[in-house]
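One structure is given below, encoded as structure tokens.
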Amino acid sequence: VPHAREGVAIQVHSSALEASEQRRMQLRQALPQAVQRGETSLHYQAKVALASGRTCGAEVLVRWTHPALGMVSPAEFIPMAEASGDILALGAWVLEAALATLSRWRREGLVDEAFSLAVNVSAHQLCRPGFVAEVHEALARYDVPPSALEVEVTESAVMTDLEVATLQLQQLADLGVSIAIDDFGTGHSSLAYLRRMPVDTIKIDRSFLTHLLDDAQSHRLVESIVAMAHGLDCRVVAEGIEAPAQAASLAAMGCEMGQGFWFARPQPVESFLPLLEEYR
Ligand code: C2E
Ligand code: MG
Ligand code: MG
Ligand code: MG
């Protein structure tokens, strides 16, 4: 009898594995056509100035609705797209769609000169030789000033090829594009790169906020990150603010901006527009 049970357990286990492997295969197969089939869309999450509570920009987050599997999280498909190289076409589409939207908002007077849109850029994109020229060309075509665009790169993307990444980011900065380090504090990286790179913004990863209010060491750690960022002349954005007390605590530390469900969830353009009305 115990043997029979074991057999059943193993079978259940292996069919669960099969199901998740099948899902991955389904996603990998559909990913190269996702953009051209119109299955991708953008969500926008407000970036808020903590001192005033005003929305001063937004981050663009890609979404994929698979015809059979429904909404797939970027946490699941972005790593796949990076592995397969589909990230290049996907990233180009994200940049194009984001700039088209921003250009329209600017024309319609929904946002002013100071409003900026942040786009996530993966290691693959950043290290491609034509990347900076593509950004430059797209900005010109949509008549968007480079200062209205921010590029978010993770520490690990930067570390993939430090030399090429530094060069490309320098060229983007020379255009006038802002550079943000995303998920700061989670990557395995030497801090030395920060001094050599034209970084404008450091985004504190949301994992640092979990115990911000109930643990003195957590609090001091975040305080130290803010001080270090300011020492490097960087602005600080805190990610994942879910409670007003977190926002207040971060504001008291001098953290300039915040993002999180407390202020606004990432949302499609239709529901983001009312936020912009407020902004105006
Ligand atoms: P990220 O760039 O660090 O984006 C922030 C993530 O945190 C988003 O997840 C957002 O929905 C989530 N978030 C925001 N506020 C809160 C909060 O208060 N609480 C919690 N628990 N979560 C919050 P999302 O949209 O699932 O994106 C996940 C990651 O996928 C992004 O992390 C980014 O690394 C990547 N990603 C998304 N869009 C793109 C893209 O267009 N290109 C590239 N290369 N990567 C992207
Ligand atoms: Mg980001
Ligand atoms: Mg982040
Ligand atoms: Mg993060």
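The values are calculated or read from the model by the stated rules, or taken from the named source; none is laboratory data. All figures in this text were calculated on a predicted structure; none of them were measured in a lab. Positions of Cβ are backbone-derived with ideal geometry, glycine not excepted, and every protein chain shown enters the neighbour counts. These accessible areas exclude ligands, DNA and RNA; they are computed on the full protein's heavy atoms, side chains included. Shrake-Rupley method; radii C 1.70, N 1.55, O 1.52, S 1.80 Å.
What to note about this one:
- Among the GluC sites (Glu not before Pro) in the range 25-111, those located in a DSSP loop and surrounded by at most 15 other Cβ atoms within 10 Å of their own Cβ are E108.
- Site pair A89 and E108 shows an inter-label distance of 3.0 nm when each label is modelled 7 Å from Cα along Cα→Cβ.
- Figure note: E223, E242 ranked by solvent-accessible area, largest first, 1.4 Å probe, ligands and nucleic acids not counted: E242, E223.
- For the range 94-248, taking Cα atoms only, Rg and Dmax work out to 16.5, 50 Å respectively.
- Antiparallel DSSP beta bridges within the chain, as percent of all bridges there, nearest 5: 40
- Protection proxy ranking of 159-166, 195-202 - average other beta-carbon atoms within 10 Å, highest first: 195-202, 159-166
- With semi-axes defined as the square roots of five times the eigenvalues of the C-alpha gyration tensor, the equivalent ellipsoid of the range 144-214 measures 23, 16, 8 Å, largest first.
- Percent of C-alpha pairs per 5 Å bin in the chain, short distances first: 1, 5, 11, 15, 16, 16, 14, 9, 5, 3, 2, 1, 1, 0, 0.
- A simple charge model with +1 on the Cβ of Lys and Arg, -1 on the Cβ of Asp and Glu and nothing else charged puts the dipole of the range 122-245 at about 220 debye relative to its Cα centre.
- For the chain, the longest principal axis of the alpha carbon atoms and the long axis of helix 87-107 meet at an angle near 40°.
- Label-point separation, A133 to Q217 (7 Å along Cα→Cβ), nm: 5.1
- Averaged over its residues, the chain has an accessible area of 50 Å² per residue, based on protein heavy atoms and a 1.4 Å probe.
- Cα convex hull of the range 89-147 - mean projected area over all directions, nm²: 3.9
- Shown for the chain: the carbon plus sulfur share of the solvent-accessible area, taken with all protein chains present and a 1.4 angstrom probe, equals 55%.
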